[in-house]
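The values are calculated or read from the model by the stated rules, or taken from the named source; none is laboratory data. Quantities reported herein were computed from a predicted structural model and do not represent experimental measurements. Cβ sites come from the backbone with ideal geometry, for glycine too, and all protein chains shown count toward neighbours.
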Amino acid sequence: MERDTSNLYKIGMRQLPGNFGPLKGANANARVTGPCGDTMEFWLAIQEGRILRATFTTDGCGASIISGAVAASLVEGKAVEEALQLTPEQVEAVVGKLPEDHKHCPVLAVNTLRAALDQHRPKSPEPQPANPKTAINAASSTSVPARHGRLVAQCGAALRSDILANHERLQERNAVHRRFGYDPDASVRFVLGKALPLSGRVLDVGTGKGRFVIQLAQQVARVTTVDINPEEQRCARLEAAYAGVVERIEFVLADARSLPWPAASFDAVTSWNVFHHLDDQERVFGEMLRLLKPGGKLVLADFTPSGFRLMDEIHAAEGRRHPHPPSRFAHWQARLRHAGFVTQRFESQHQEVLVAQHQSSRS
């Protein structure tokens, strides 16, 4: 039976919910402006890792008010790590089906909530400088680090079960890839070996299931990752919890064609095996350049023709098709050189990497 949302809309349009407004005594707070221009702010009172009270404000429409109210109510009483698993779909399931032009409202609510939760979590210390190859080899050996065991043990039973089940599914998927001759973990290590060092504020475009951003988070103090698919990000967040690096990663739901940050916000921007999925590669590439600071580094990686053939075989065996557009790396390289970058291209059997450093960082 479809949910009657008339009362919810009435509340959102004519009355303010009880959890609307600043929260006295809050110890976590964040304000986020979405691509639509609406702004939302969350206040959280957190004690011993649990959310005691959550309130919000927004300058958006009734659907924005409803979404904020629902998100706040859904996380009250929850552990922080459990609250971080909240998705826009869960918010909309309570609100009721929203018109297409209001679908962004639950996304804004969840992103603002996560930003507030991220502010509360303790910051990870800066990792000590290391030889990139040594660091990558060390990261590849972290099957079940002791730290992972402690973090997973601290979660509630339901979340712990989700984390372990998600990890098992990813391992099974990786095993399928390896049977066909492609090792995702080795691919990530190859790309990071060419990309490192990365410092400052780092953005990863295209979270996917987290294979790249999790290994990246083991090498930098903190990384922001963006994806349009909430289920993929949920999978990545669970795996990051398993790997013990979830507190180093900020997960943001957004369309890569219109990212919610001002120009020159990041010192490095990366993307791994994402571009072949994009319908508007030029626009996403332009966004990556827009967000990069002068002197910053851009890292773009995707499959070689051999890698695409393997993906075709894997998906065909499962009765599916995999995107296989022609490579545009020469085009991206030319654009970057024209924009004042020093570029390098690298290839392994299945992976192509373009690393571009803006010249203003060179002495």
May I ask you to list pairs of residues, at least six apart or on different chains, whose Cβ atoms are under 9 Å apart, with the first in the range 158-171 being free of Cβ contacts under 8 Å to residues at least 24 places away in the same chain and the second being of a type in the set (S, T, N, Q)?
R160/Q154
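Considering only residues that are within 22 Å of K297 (Cβ to Cβ) and surrounded by 15 or more Cβ atoms within 10 Å (Cβ to Cβ), which ones fall in the range 173-198?
Residues of the range 173-198 within 22 Å of K297 (Cβ to Cβ): 187-198.
Result: S187, V188, R189, F190, V191, L192, G193, K194, A195, L196, L198.
Being out of contact with any Asp or Glu (no Cβ under 8 Å at 6 or more places or on another chain) and part of a helix (DSSP H, G or I) is true for just one of L354, L300, L336. Which residue is that?
L336
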Which of the residues that make up the range 328-363 are closer than 18 Å to V191 by Cα and more than 25 Å from the chain's Cα centre (by Cα)?
A330, Q333, V342, T343, Q344, R345, F346, E347, S348, Q349
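Can you name the residue in the range 243-275 that is in a loop (DSSP other than H, G, I, E, B) and touching a strand residue (DSSP E or B) at 6+ places or on another chain (Cβ under 7 Å) and is also surrounded by the fewest Cβ atoms within 10 Å (Cβ to Cβ) among such residues? Spell out the reasoning first.
Of all residues in the range 243-275, those in a loop (DSSP other than H, G, I, E, B) come to 244-245, 254-265, 273-274.
This time we only want the ones that are touching a strand residue (DSSP E or B) at 6+ places or on another chain (Cβ under 7 Å), so: 254, 256, 259-260, 264, 273-274.
Details: A254: 20, A256: 21, L259: 21, P260: 17, A264: 13, N273: 21, V274: 21.
Ranking the qualifying residues of the range 243-275, first place goes to A264.
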Starting from the range 36-48, keep only residues that are polar (S, T, N, Q), then list their pairs with residues that are outside any loop (DSSP other than H, G, I, E, B) whose Cβ atoms are within a distance under 6 Å, requiring at least 6 positions of separation or different chains.
T39/T33
Scanning for something in contact with a helix residue (DSSP H, G or I) (Cβ under 7 Å, 6 or more places away or on another chain), outside the structural domain of V226 (by TED's automatic domain parsing), in a helix (DSSP H, G or I) and of a type in the set (D, E), does the range 89-109 turn up at least one residue?
yes
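Each row is one residue, and each column tells you yes or no for (1) under 19 Å from the mean Cα position of the chain (by Cα); (2) at pLDDT 90 or above.
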site	(1), (2)
V144	no, no
R147	no, no
R150	no, no
G156	no, no
I163	yes, no
H167	yes, yes
P184	yes, yes
G193	no, yes
L196	no, yes
